[in-house]
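The values are calculated or read from the model by the stated rules, or taken from the named source; none is laboratory data. All figures in this text were calculated on a predicted structure; none of them were measured in a lab. Backbone-built Cβ (ideal geometry, glycine too); neighbour counts: all protein chains shown.
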Amino acid sequence: MAALTLTTLTTTTSSLSTLKKPFALAFSNTKFLKTQTFKTLTPLKSSSSTHSDRSPIESTNTNTITPTSTANPKSLKSRLRNGETLYGLFLLSFSPTFAEIAGLSGYDFVVIDMEHGHGGISDALPCLHALAATQTPAILRLPESSATWAKKALDLGPQGLMFPMIDDPDSAQKAVSFTRYPPNGVRGAAHPVARASKYGLDEEYINKCEDELLIMCQIESVEAVKNAKEIAAVDGVDCVMIGPLDLSASMGWLGDPVNEKVKEMMKVGEKAVLDRESGAYLAGFAMPNDGADELKRRGYHMVCGGVDVGLFRSAVADDVKRFKMN
């Protein structure tokens, strides 16, 4: 491409002068323009493969692509293996702002709740972005234990997946299979373009994704608690989480998760997992009169201390109450 030249023009006060070759701009009484030569533009070198012979999902010469370096947070599984007790928050609002605040505040993980929260996959993505910015691991809680929901959630790239209402070992085995690529499972393959693999830039994704993913199964019924030991022993189940609200409902004590009979049933589930024959970790949710510190004392490895909307509700209600009473 030839160089471009900007040529000075001389103008009169009455009219614009004739444009001179090769190209010029004219202004009345202009004297400050000087000839400027711009370097010739060099076209980018073309790839050896043409647009027509490349697959839409094929990497475009990944040897020359260097993605922006972003440090990944230490995996939840590695921290659990190191003996840490992790403290987290449930996010029901699907607010990226609340997610970011939670990460900046120091929570070890945040559970984005698609079972009871109003949002779905598209709503979860901005929250994942916010948590990634604070280097906080995200766990996606599925609306149900199904291959479709697991597939969509996994492609977003969370560090953990939580399956609700797992009542028996067969359900746990199916849940694990939803997270594994064939021949070990039924997960659909879209890793060359999914966020989980940095849209194909992380070439090691398929070699490490199963080892890094934390698979959590929730036991939330009397049947599930009775099967807790067998559920925890299923290959691939990393963590068993007891759900006190649904457990109390299944026992006929809806709204009373700290009922003595419910607490006794929870101890049965706790003992089954904490025996550690399976190697699975125990997770739980703090309740009134059974707080986070108490769960930690009893040996829980992961503790969820609150819900974002609940914390906000309490804060604003207290704020209004203080003002109205003065």
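Collect the residues in the stretch 93-106 that are more than 14 Å from the chain's Cα centre (by Cα) and part of a loop (DSSP other than H, G, I, E, B), keeping them in residue-number order. Residues satisfying the conditions are SER93, GLY106. Only one entry of PRO192, PRO169 meets the criterion of being in the same structural domain as GLU144 (by TED's automatic domain parsing), in contact (Cβ under 8 Å) with a residue 24 or more places away in the chain, under 22 Å from the mean Cα position of the chain (by Cα) and farther than 17 Å from ARG141 by Cα, and that entry is PRO192. Looking across the stretch 155-196, the residues that are β-branched (Val, Ile, Thr) and assigned to a loop (DSSP other than H, G, I, E, B) come down to ILE166, THR179, VAL186, VAL193.
Scanning the stretch 177-188 for residues that are surrounded by 21 or more Cβ atoms within 10 Å (Cβ to Cβ) and either under 17 Å from the mean Cα position of the chain (by Cα) or of a type in the set (A, V, I, L, M) (or both) gives a single hit, THR179.
Regarding ALA286, is this residue farther than 20 Å from VAL111 by Cβ, under 30 Å from the mean Cα position of the chain (by Cα) and surrounded by 18 or more Cβ atoms within 10 Å (Cβ to Cβ)? Considered against the rule, which asks whether it is farther than 20 Å from VAL111 by Cβ, under 30 Å from the mean Cα position of the chain (by Cα) and surrounded by 18 or more Cβ atoms within 10 Å (Cβ to Cβ), ALA286 comes out as no.
The residue list ASP275, ASP256, ASP293 contains one member that is without any contact (Cβ under 8 Å) to a residue 40 or more places away in the chain and over 28 Å from the mean Cα position of the chain (by Cα), which is ASP256. For the stretch 189-242, the candidate set comprises residues that are crowded, with 22+ Cβ neighbours inside 10 Å and β-branched (Val, Ile, Thr); within that set, the residue that is farthest from PHE285 (Cα to Cα) is VAL234.
Just name the residue that is farthest from GLY236 (Cα to Cα) out of those in the stretch 266-292 that are assigned to a helix (DSSP H, G or I) and touching a strand residue (DSSP E or B) at 6+ places or on another chain (Cβ under 9 Å). Spell out how you get there, then give the answer.
Residues of the stretch 266-292 assigned to a helix (DSSP H, G or I): 266-274, 292.
After this cut, where a residue has to be touching a strand residue (DSSP E or B) at 6+ places or on another chain (Cβ under 9 Å) as well, the list is 266, 269-270, 272-274, 292.
Working: MET266: 23, GLY269: 19, GLU270: 19, ALA272: 17, VAL273: 14, LEU274: 17, ALA292: 27 Å.
That would be ALA292.
For the stretch 307-326, the criterion of a residue being of a type outside the set (Val, Ile, Thr), touching a strand residue (DSSP E or B) at 6+ places or on another chain (Cβ under 9 Å) and under 22 Å from ILE166 (Cβ atoms) is satisfied by no position.
Looking at the stretch 248-256, can you tell me whether even one residue there is within 28 Å of GLY83 (Cα to Cα) and either surrounded by fewer than 22 Cβ atoms within 10 Å (Cβ to Cβ) or modelled with pLDDT of 95 or more (or both)? Walk me through how you get there before you give the answer.
Quick first cut of the stretch 248-256, residues within 28 Å of GLY83 (Cα to Cα) only: none.
Within the stretch 248-256, not a single residue is within 28 Å of GLY83 (Cα to Cα) and either surrounded by fewer than 22 Cβ atoms within 10 Å (Cβ to Cβ) or modelled with pLDDT of 95 or more (or both).
Of the residues screened, PHE109 is not one that is closer than 24 Å to ILE231 by Cα, free of Cβ contacts under 8 Å to residues at least 60 places away in the same chain and surrounded by 22 or more Cβ atoms within 10 Å (Cβ to Cβ).
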